[in-house]
Structure formats: C-alpha cells, structure tokens
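Participant: Pasting a structure below so you can have a look.
Read-outs: derived from the displayed coordinates by stated rules, not from any lab. What you see is a predicted model; the values in this text were computed from it and never measured. Here Cβ is always computed from backbone atoms with ideal geometry, including for glycine, and neighbour counts include all displayed protein chains.
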Amino acid sequence: MSDAAPRRPAGGPSASAPALLEVRDLQKRFPIRRGLFAGVSGWIRAVDGVSLSIRPGETLALVGESGSGKTTTGRCILRLLEPTAGSVRFDGVDLLALKPREMRRMRRKIQVVFQDPYGSLNPRMRIGTIVREPLDIHRIGASRAERDAMVARLLERVGLEPAMMRRYPHEFSGGQRQRIGVARALALHPRLIVADEPVSALDVSVQAQVINLFIDLQEEFGIAYLFIAHDLAVVERIADRVAVMYLGTIVEEAQAAEIFKNPLHPYTRALLQAIPIPDPSRSRERTVIRGDLPSPAAPPPGCRFHTRCPVAVEECRRIEPPLLEVAPGHWVACHLVPGPAGKRSAAAGGAAGRPPGRGGAGAR
Ligand code: SF4
C-alpha cells in the first residue's frame with residue numbers, strides 16, 4: 001500500500017448501529033512449565049484485558065508487531081483458544097457460554113481466513129472439496145450437485161474459474177490460494193470474518209488485489225471484519241477503525257483516518273513512520289523503537305512500552321497509563337497525551353477514564 005492509495009470511503013457501517021461483536025476485558029494466559037511433569041512456574045499474559053466492538057459491516061483493524069497478542073485475541077474470539085477471562089458476545093449471544101455443538105453452529109456466522117493460504121488448505125484435497133466442506137458439514141443444499149454449483153459460484157465470486165475446482169492447492173499461486181480461503185470462508189454467508197494476517201504472506205501487488213476483494217465482498221454482503229495485521233500500511237485502505245496492540249493490551253484506538261492523520265501514542269507513531277514512502281524525493285522523520293518486545297511472561301511495570309519508548313519520563317516506569325478518550329472516539333494510553341480535561345493525571349485518569357479492561361477501547 002502506498003501513501004497515495006485511496007482510503008476506503010467514509011460511510012459504510014452506521015455509527016449508531018448496535019455492536020455485532022462485543023469483547024470485554026478479554027484475557028488469555030498460558031502456563032509456563034519447566035519440565036514435562038513440573039508444576040506451573042509462571043504465566044504468559046498473551047492477552048491482558050482487551051475490549052473492543054465491531055458493528056455490522058464494519059472493519060476493525062487490530063495492528064501490532066509479532067507477539068503483541070493480536071492473533072491470540074482473534075483465536076479467543078473464535079474460541080479456537082479458550083479465554084482465561086472476559087466476555088465475548090456476538091449478536092447478543094454469549095459465545096463463551098455456548099456448548100461445543102452450539103459453538104459449531106455459531107461458526108456459520110463467524111468465519112476465519114488464516115495467514116498462510118497454503119498451510120490452511122489440505123494439500124490432498126481438490127479445491128472443490130475444500131470449498132464445499134463447510135456446506136457438507138452444515139448440510140446446506142439438497143444434493144452434492146447443488147453444493148458443487150454453489151462452489152462454482154463462490155470461486156467465480158472471488159475471481160477464480162469454476163473449472164479450477166478439480167485442481168489441488170499446489171497448482172495455485174499464493175494470491176489464488178488466499179482467494180480459495182476467502183471462498184471457503186464465504187460459503188456459509190458469515191456476518192463476521194476474522195482475517196488473521198490474510199495478506200502478509202503475499203507479494204505487495206497481490207496484497208492490493210486481495211484487499212480489494214475483501215472490500216468488494218464487504219460492500220456486497222455487508223460482512224464485518226476483524227482484520228489482523230502487523231503492518232499499518234496494509235490496513236490503510238480497508239479499515240474503518242484501527243486498534244493498536246502492544247504486549248497484550250490496546251494502546252490506541254480511533255477512526256482509521258484519525259489514526260493516520262493524528263497518531264498520538266509513541267508506538268503508533270513509530271509504526272506509521274516505518275511505512276516506506278514510494279517517492280524517493282520525499283522522506284519522513286523516523287522514530288526508531290529500541291530493542292525487542294519484552295516477554296509477555298514479565299511485562300515491564302508502569303507503561304509496558306517504557307523500555308522502548310523514546311520519550312518516556314520517570315512516571316512511565318511506575319504508573320500504568322489508563323486508556324482515555326482524548327477526543328471523540330480517539331482513545332490513547334500514554335501519560336504524555338493530555339486527557340479530556342486538558343491535563344492527564346495518571347491517578348485521576350485511572351479512576352475516571354478507564355473503560356472495562358486495561359487494554360480495552362470498546363466500552364463506548
Ligand atoms: Fe512512552 Fe510514557 Fe507514553 Fe508509555 S506512557 S508511551 S512510556 S511516554
């Protein structure tokens with residue numbers, strides 16, 4: 001994606017529509033064991049209090065570097081991983097209270113597209129069988145012939161020839177394989193697709209084509225997306241809102257146009273400054289983030305970003321900044337960003353501004 005790439009037009013989902021997906025204070029901890037029979041010696045806090053919401057037909061981009069917890073968040077929402085705590089409501093239904101059989105039925109409405117289009121397709125199955133599988137499982141269509149006709153239409157819709165049904169995954173390019181993954185996700189007419197880094201394994205030119213496909217399908221079917229990516233450039237055209245994750249928590253969330261025009265958290269600014277400019281005559285000020293992401297088994301005290309933040313102050317090492325709404329719809333967790341009352345006080349902010357979930361930005 002380039003700087004000149006057109007933004008997704010404003011409009012789309014209605015700001016007043018009730019949320020389709022509501023996640024509150026989501027937590028996922030993994031035990032650390034030193035040996036096969038050893039007890040638990042610690043916990044990896046992969047997701048540590050994330051709240052978010054998505055309206056029908058809306059795209060929320062969840063962005064952060066590898067290890068930030070964004071993929072684990074997506075998997076907990078889908079219940080591919082069981083959350084440690086928190087709540088996930090979809091269309092008013094408490095997903096975490098559903099029995100496995102009820103959850104399988106619910107998966108008709110919530111589908112997933114994975115990062116690795118090759119790894120997510122069974123190499124021994126023909127494409128027709130792969131895309132037809134969800135229709136077979138949910139007994140959609142009166143006969144196999146009817147389901148095959150549906151598969152042909154799905155392949156056509158994602159830009160593939162229906163005759164390709166008889167081919168195997170290795171006969172396709174990366175971009176085509178991701179289109180197959182999208183066709184399979186579409187088969188059950190989902191209302192929400194969790195797209196987990198769906199273009200990061202693709203060439204840049206193919207990325208743009210697949211993003212366009214996601215946008216076209218959303219306009220046609222009104223699907224909502226939780227679009228997970230490590231690169232802000234990738235989500236620029238598709239996102240309605242962007243939530244930036246760092247070490248298990250959300251540190252900034254706003255409308256996409258606002259994030260790209262007026263990023264406030266130092267981590268978001270550094271991610272944006274890392275986007276290359278295609279014009280060699282132009283340059284951009286760069287903030288270099290020092291060091292690696294700290295271990296989620298022992299997140300730093302105070303602001304989790306303080307060990308890498310170029311503008312950290314003493315307070316950052318001691319006090320965790322709450323996520324505050326600093327402008328309508330723009331939430332930031334940073335001591336240096338003035339809160340709604342003008343000056344941010346960590347103590348005051350902690351009492352007055354914190355939505356449910358330390359890393360959450362959804363209770364609004
Ligand atoms: Fe940097 Fe401090 Fe803001 Fe954290 S709270 S992002 S360490 S300035």
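Participant: Among bridges DSSP assigns within the chain, what percent are antiparallel (round to 5)?
Facilitator: 60
Participant: Ranked highest first by the average count of other Cβ atoms within 10 Å around their residues, in what order do 312-325, 158-171 fall?
Facilitator: 312-325, 158-171
Participant: Quick check: the angle from helix 204-221's long axis to the longest principal axis of the chain, C-alpha only, nearest 10 degrees?
Facilitator: It works out to around 80 degrees.
Participant: Give me the count of lysine pairs in the chain whose alpha carbons sit under 26 angstrom apart, restricted to pairs 8 or more positions apart or on different chains.
Facilitator: Lysine pairs satisfying the spacing and distance rule in the chain number 8.
Participant: Tell me, which cysteines of the chain are without a disulfide-compatible partner by the Cβ under 4.7 Å rule?
Facilitator: C76, C309, C334 - these cysteines have no disulfide-compatible partner (Cβ-Cβ under 4.7 Å) in the chain.
Participant: Kindly rank 140-152, 201-213, 43-55, 235-247 from highest to lowest mean number of other beta carbons found within 10 Å of each residue.
Facilitator: Averaged packing, sorted descending, gives the order 235-247, 43-55, 201-213, 140-152.
Participant: To make sure I understand, if each residue's beta carbon is the centre and we count other beta carbons within 10 Å, what order do K261, K70, K28 fall in, fewest to most?
Facilitator: K261, K28, K70
Participant: Taking the Cα centre as origin and putting +1 on Lys and Arg beta-carbons and -1 on Asp and Glu beta-carbons, what dipole magnitude results for the chain, to the nearest 20 debye?
Facilitator: The calculation lands at about 1000 debye.
Participant: As an exercise, use a Förster radius of 22 Å and the Cβ-Cβ distance of A163 and I140 to find the FRET efficiency, rounded to the nearest 0.05.
Facilitator: 0.45
Participant: Sticking with this structure for a sec: If you project the alpha carbons of region 91-187 onto their three principal axes, what span does each projection cover, largest first, in Å?
Facilitator: Projected onto the principal axes, the Cα atoms of region 91-187 cover 42, 32, 23 Å.
Participant: Would you kindly calculate the mean projected area, averaged across all directions, of the convex hull enclosing the Cα atoms of region 90-135, in square nanometres?
Facilitator: Reported value for the Cα convex hull: 4.3 nm².
Participant: Turning to a different aspect of this structure: Say the dipole of the chain comes from +1 at the beta carbon of Lys and Arg and -1 at that of Asp and Glu; which of V244, A61, M103 then lies farthest toward its positive end?
Facilitator: M103
Participant: On a full-extension model of 0.36 nm per residue, what is the gain between F30 and L80, subtracting their alpha-carbon distance, rounded to one decimal in nm?
Facilitator: 16.6 nm
Participant: Moving on. Can you give me the Cα centroid spacing of region 28-63 and region 211-281 in angstrom?
Facilitator: Here the two parts' Cα centres lie 21 Å apart.
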